[in-house]
Each structure stands twice: as C-alpha cells, then as structure tokens.
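The values are calculated or read from the model by the stated rules, or taken from the named source; none is laboratory data. As the structure is a prediction and not an experimental result, all values here were calculated from the model. In this analysis, Cβ positions are derived from the backbone assuming ideal geometry, glycine residues included, and neighbour counts consider all displayed protein chains. When the accessible area is computed, the model is the full protein with side chains, heavy atoms only, and any ligands, DNA or RNA have been set aside. Shrake-Rupley method; radii C 1.70, N 1.55, O 1.52, S 1.80 Å.
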Amino acid sequence: MSLTMGTEQSAAALRESVAPGAAVRVLLVAGGGDGRVLGAALRGEGWCVVSAGVEFVAVAREFRPDVVVLHGIPADLRGRLARLEEVAPEVPVLFVSGDVARAVARVRALMESAGGRAPSLVVGDLVMDEEAREVTRGGEPVRLTATEFELLRYLMRNPRRVLSKAQILERVWGAGAGARGNLVELYISYLRRKIDVGAGRGVPMIHTRRGAGYVLKAADPGAGGRQGPPPRVSGG
C-alpha cells in the first residue's frame, strides 16, 4: 500500500485502514524520481509506505510510522527534523542516499535485526540504538560516556546540518553552560577519537566548519578507505 500525503486527514484515514501489526509502516520523505523508485522498492518488501514532503511532521503524528526514511532531504526541510523528534520521539529515523537497492537492503537489515523495528538513528555505517544506549560503526561497538552519547545523538539527529557551539552547549549541557565553547571542542575531540580514529576506522564523519560549528556526514562509500591524513583530534 502506498499514498502520497497531502493532508493530515488522509494520513489519519490510512492509519485507520491498516490493521495493527499487518505491515511495517514506513514514512518516506524524499523528492524527485529517486523518491518514487525507492517508494516502489520499499513497497516490494510488503511494507506500507507513505510518501510525504514538507508536511512530513504532521503525517508522522497521524500515521504513527514504525520507521521514517529520509532520502536526499532538501535543505529547507532539515529544520523540521527537531519537530519530528518532538512529535514522535520513539520512532527510528534512517538517513539513506545513493543507490536504491542499497538503501532498501539497509532498511531490511535494520528492521530484521531489531525484530521489526529499526535502531533509532542511522547515518552511514554509524548506528545508535537509543533504547539500549549502544553505538556501532561498521558493525564494531563504540563505547561512549553519557555526555559523549548525548553529543553524538544530537549530531546524528541533525545529519549534514552545521551546528554551532552555542546550539550544542544548550542542547547537551543546558542553558547554564554559558559560553564555554572549549567544552564543545573537548568533547568533539573525544568523539573523533572513538568514531573516526578508533580501531583504524575509515573516512571521517565529524567535520569542522571554521567559524560556524560542526557537522556529521555519512562517509562516502566509494571513498575506499581513509583519505589523506587522520583527522585532527586536538582542537575540536
């Protein structure tokens, strides 16, 4: 079953038409021809797929998906991801790009590994299970402190979005953290050691945008391993 959403009412109608447990409910946020192809491929798995655009937060509220799949999400929609987190904090979010067959395989593997529900957050080969508070990269466990976990969670919930030190301080440490930007630099360096450098991991995912902040991006699967020198870990 598939539907391209235009109103909250149609989302509610679809939710009522699908018997509980009858199929995995996938909310697909994508654009263009690739989005249509991916939607068809996901339906081929026997899943109930709803496609949405700018209204995806309202659709998530009404449709109550089992997983949200974001494919090539436009920049003007990224600011709505925080609202999605508020509306459906328990719903896992999967970011996919590139080859449709690979994207479907990732969704299928994640759903199977979690007994029908995907791990909470996935960016490239980095996976965070929020409920179990476990993180892996490339299938290898990454051991994090509580603060490192919260920082990485914020980065993973905002992939490809540059986050300023002030935004990170407020979200991870709270408003009382003041202007201690060096605290952000320190913990970013900790994460880099564990996410990008530890155990000989490949292309780095955490990047500095000087004068702006930090961004987490999926490593290019075609990069073929580490490019250039290892990422700096001393200054954030």
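Just a few scattered comments:
- Taken as a whole, the structure places Gly198 among residues that are out of contact with any Lys or Arg (no Cβ under 8 Å at 6 or more places or on another chain), among the small types (Gly, Ala, Ser), part of a helix (DSSP H, G or I) and at pLDDT below 85.
- Checked against (1) open to solvent by 60 Å² or more (accessible area, probe 1.4 Å); (2) at pLDDT below 80; (3) small (Gly, Ala, Ser), Gly211 passes all but condition (2).
- Residues that are among the acidic types (Asp, Glu) and buried (at least 16 other Cβ atoms within 10 Å of the Cβ) within the range 24-54 comprise just one, Asp34.
- Inside the range 120-144, residues that are more than 14 Å from the chain's Cα centre (by Cα), open to solvent by 60 Å² or more (accessible area, probe 1.4 Å) and touching a residue at least 24 places away in the same chain (Cβ under 8 Å) make up a count of 2.
- The residues of the range 9-38 that are under 18 Å from the mean Cα position of the chain (by Cα) and at pLDDT 80 or above, listed by number, are Arg25, Val26, Leu27, Leu28, Val29, Leu38.
- Which numbered condition Val162 misses (of (1) hydrophobic (A, V, I, L, M, F, W, C); (2) under 22 Å from Pro204 (Cα atoms); (3) modelled with pLDDT of 85 or more; (4) surrounded by 19 or more Cβ atoms within 10 Å (Cβ to Cβ)): (4)
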